[in-house]
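Single-structure report; data block below.
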Amino acid sequence: MLNAIQPVLAPVRESVIIISFNAPLLALLRNSEPRTGLILRQWPAIDSNLSAAQPDYLIINKQHIAADERLDDQPLPVMVYEIENQQQAEHWLKRGASLLESFNCNAILTGPHSPLDNDKDGPMNNQHLACSQP
């Protein structure tokens, strides 16, 4: 399986993060892929899953994080997914998220607080955002 995806990933290898709920699979990929992310089903992460997978990122749905919890005190950078708009993007970045995932990137990147507007200061830029297609 890994040999089949290597030619596809080669041109974009440095931009790719292989993500999975499966910690043992990520452990197998550890030496062959540049970066991996463990998608968590609960927060905080279970230490045994982190030890097995040795991911580069923790990935969690925003609904699984308590309202008062910071994300910048975790052992790894945290990606929060299902971000719907600029306000949520800014909220999660201020709480310490390193990366965001959204199905609504256009609204996040082109709204009134667009991170693409170089005249505005803010916590977000397009390096923080992973765009998904439905």
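Part of a loop (DSSP other than H, G, I, E, B), surrounded by 14 or more Cβ atoms within 10 Å (Cβ to Cβ) and at pLDDT 90 or above: is that true of Leu58 in this structure?
Details: part of a loop (DSSP other than H, G, I, E, B): no; surrounded by 14 or more Cβ atoms within 10 Å (Cβ to Cβ): yes; at pLDDT 90 or above: yes.
No; evaluated as a whole, the condition is false for this residue.
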Taking interchain pairs and intrachain pairs at least six residues apart, which have beta carbon atoms under 8 angstrom, with the first residue in the range 37-53 and under 12 Å from Leu25 (Cα atoms) and the second of a type in the set (Lys, Arg) and part of a loop (DSSP other than H, G, I, E, B)? Ala53/Arg30
Among (1) outside any loop (DSSP other than H, G, I, E, B); (2) in contact with a helix residue (DSSP H, G or I) (Cβ under 6 Å, 6 or more places away or on another chain); (3) modelled with pLDDT under 90, there is one condition Asn106 misses while meeting the rest; what is its number? (2)
Report, by residue number, each residue of the range 6-24 that is assigned to a helix (DSSP H, G or I) and touching a strand residue (DSSP E or B) at 6+ places or on another chain (Cβ under 9 Å). Leu9, Ala23
Every residue from the range 61-81 that is part of a loop (DSSP other than H, G, I, E, B), out of contact with any strand residue (DSSP E or B) (no Cβ under 7 Å at 6 or more places or on another chain) and within 11 Å of Ala45 (Cβ to Cβ): Pro75
Matching residues in the range 15-34 - criterion: being more than 17 Å from Ser51 (Cβ to Cβ) and at pLDDT below 90: Ser15, Val16, Ile17, Ile18, Ser32, Glu33, Pro34
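Of the residues that sit in the range 84-98 and are surrounded by 20 or more Cβ atoms within 10 Å (Cβ to Cβ) and under 21 Å from Ser15 (Cβ atoms), which one is nearest to the chain's Cα centre (by Cα)?
Initial filter on the range 84-98 (surrounded by 20 or more Cβ atoms within 10 Å (Cβ to Cβ)): 86, 89, 92-93, 97.
Filter again for under 21 Å from Ser15 (Cβ atoms), leaving 89, 93, 97.
Values: Ala89: 12, Leu93: 12, Ala97: 8 Å.
Checked the range 84-98; the qualifying residue nearest to the chain's Cα centre (by Cα) is Ala97.
The values are calculated or read from the model by the stated rules, or taken from the named source; none is laboratory data. Just so we're clear, the structure is a prediction, and the values are computed from it rather than from any experiment. All Cβ positions, glycine included, derive from the backbone under ideal geometry; neighbour counts span all protein chains shown.
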